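Colleague: Before we start, here is the structure in question, set down as structure tokens.
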Amino acid sequence: MKVIDFHLHIGTKEHWTPWVIDYFGKNNPFYYDNFSEKITPEGITTYLQSQGVDKAVVLSEYAPKATGVVPNEFTSEFCDGHTELIPFGSVCLYNEVPLVEQAEYAFKNLGVKGFKMLPTYAHFYPNDPMLFPFYELVQDLKVPLLFHTGTSIFKGSRVKYGDPLFLDDVADEFPHLRIILDHGGRPFWYDRAYWLITRHKNIYIGITGIPTKQLPRYFPKLEKYQERFIFGSDWPGVPDIKPLVEKIYDLPFSEETKERILAKNAEDVLGFS
Ligand SMILES: [Zn+2]
């Protein structure tokens with residue numbers, strides 16, 4: 001089965017705060033030994049192949065108050081010339097350059113295919129009207145927004161901003177904006193994330209970091225909404241990607257649902273299909 005990993009990080013010691021690197025060091029010695037000093041696209045594509053991953057969304061990050069900064073320029077250059085690597089930008093809320101300008105530049109000049117939003121790390125409410133011109137632009141550009149929802153383990157994060165319910169306003173105001181609730185509101189807002197996909201056709205759930213075996217319990221009618229669930233690993237936050245894919249194969253779902261979770265829905269959301 002084809003596999004698209006919708007949640008991959010490529011920073012090094014240069015980008016992330018020391019406790020993030022420590023965390024990855026403990027959870028993923030392979031990353032620490034091979035990539036924490038220097039990371040290359042060749043190294044990552046070889047690793048992805050070894051894990052049976054066909055394509056991966058590579059995330060930028062502007063979260064200096066929590067995890068660090070992985071600039072859009074770095075991600076874009078890293079993915080350049082590698083069709084299996086899909087660059088996602090991030091916008092910096094502490095920059096005097098308006099978000100719309102940042103996003104336009106990242107889309108037109110750096111070729112990003114979507115944006116990662118980090119409310120808990122960058123301390124903003126996703127339904128803050130100051131973000132609306134940016135949402136309007138992203139809707140016009142027809143690229144998705146991946147929102148971290150739920151709790152965060154890293155120091156400096158503020159969990160209140162991770163409530164998926166704030167995206168209710170955004171989905172309503174921008175009905176064609178594709179919004180992915182990554183982590184599905186983990187661990188105590190699953191019901192809200194689930195309700196949102198039943199309420200809004202433009203909302204999806206990223207299953208990154210959700211215990212795979214529990215998916216049928218957290219989202220009882222998952223197969224009814226099989227077009228809305230998207231696989232991601234959060235590597236290097238996890239030691240390997242392949243075991244996560246294998247856990248999807250073991251779920252009591254139809255082949256079609258598994259194909260959708262592992263790749264088809266990602267392609268649809270990215271506009272690749
Ligand atoms: Zn992540």
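No value in this document is a laboratory result; all are computed from the given coordinates. None of the values given here were measured: they were computed from a predicted structure. Note that each Cβ is placed from the backbone with ideal geometry, even for glycine, and that neighbours are counted across all protein chains shown.
Colleague: Chymotrypsin sites (Phe, Trp or Tyr not before Pro), restricted to the stretch 112-192: which are DSSP loop and have at most 15 other Cβ atoms within 10 Å?
Modeller: PHE188
Colleague: Put +1 on the Cβ of each Lys and Arg and -1 on the Cβ of each Asp and Glu in the chain; which of PHE24, PRO243, VAL91 then has its Cα farthest toward the positive end of the dipole?
Modeller: PRO243
Colleague: Report ³J(HN,Hα) in whole Hz for each residue of the stretch 228-235, in order, from the Karplus equation J = 6.51 cos²θ - 1.76 cosθ + 1.60 where θ = phi - 60°; Gly and Pro get x.
Modeller: Computed from phi, the couplings for the stretch 228-235 are 10, 10, 10, 7, x, 9, 6, 4 Hz.
Colleague: To continue, here is another question. Quote to one decimal, in nm, the extra length available between LYS108 and GLU223 on full extension: 0.36 nm per residue of separation minus the C-alpha distance between them.
Modeller: 37.7 nm
Colleague: In deg cm²/dmol and to the nearest 500, what is the mean residue ellipticity at 222 nm of the chain if only DSSP H runs of at least 4 residues count, each as -39500 (n - 2.57), divided by the residue total?
Modeller: When only DSSP H runs of four or more count, the value is -9500 deg cm²/dmol.
Colleague: Using +1 at the C-beta of Lys and Arg and -1 at the C-beta of Asp and Glu, which of ASN127, THR149, PRO71 has the Cα lying farthest in the positive direction of the dipole of the stretch 66-155?
Modeller: Ranked along the dipole, the leading option is THR149.
Colleague: Counting other C-beta atoms within 10 Å, which of ASP22, ASP234 has the fewest, and how do the rest follow?
Modeller: Placing the least packed residue first, the sequence is ASP22, ASP234.
Colleague: Taking H as built 1.01 Å from N, whose amide H comes closer than 5 Å to the amide H of GLN51, not counting residues under 5 places away?
Modeller: Here nothing satisfies the definition.
Colleague: Out of all DSSP beta bridges in the chain, what portion is antiparallel? Express it as a percent rounded to 5.
Modeller: DSSP beta bridges in the chain are roughly 15 percent antiparallel.
Colleague: How far apart, in nm, are the 7 Å Cα→Cβ label points at ARG158 and GLU42?
Modeller: Taking the simple label geometry, ARG158 and GLU42 are separated by 4.5 nm.
Colleague: Quick one: Karplus J couplings for the stretch 207-224, per residue in order, coefficients 6.51, -1.76, 1.60, θ = phi - 60°, nearest Hz, x for Gly and Pro?
Modeller: 8, 3, x, 8, x, 4, 4, 8, 3, x, 7, 6, 10, x, 9, 3, 5, 5
Colleague: What does the charge count near TYR125 come to, summing +1 for each Lys or Arg and -1 for each Asp or Glu among other residues with Cβ under 10 Å from its Cβ?
Modeller: -2
Colleague: What net charge is computed for the residues neighbouring GLN226, neighbours being all others with C-beta under 10 Å from the C-beta of GLN226, Lys and Arg scored +1, Asp and Glu -1?
Modeller: It works out to a net charge of +2.
Colleague: From the alpha carbon gyration tensor of the chain, can you work out the equivalent ellipsoid semi-axes (sqrt of 5 times each eigenvalue) and give them in Å, largest to smallest?
Modeller: 24, 24, 18
Colleague: Below 20 Å, Cα to Cα, which aspartates and glutamates can LYS26 reach? Residues fewer than 8 away in the same chain don't count.
Modeller: Partners found: GLU14, GLU37, ASP234, ASP240.
Colleague: What dipole magnitude, in Debye to the nearest 20, does the chain give about its Cα centre under +1 on Lys/Arg Cβ and -1 on Asp/Glu Cβ?
Modeller: Dipole about the Cα centre, nearest 20: 800 debye.
Colleague: Between the stretch 162-225 and the stretch 1-33, what is the C-alpha centre distance in whole Å?
Modeller: Centre-to-centre (Cα) distance: 25 Å.
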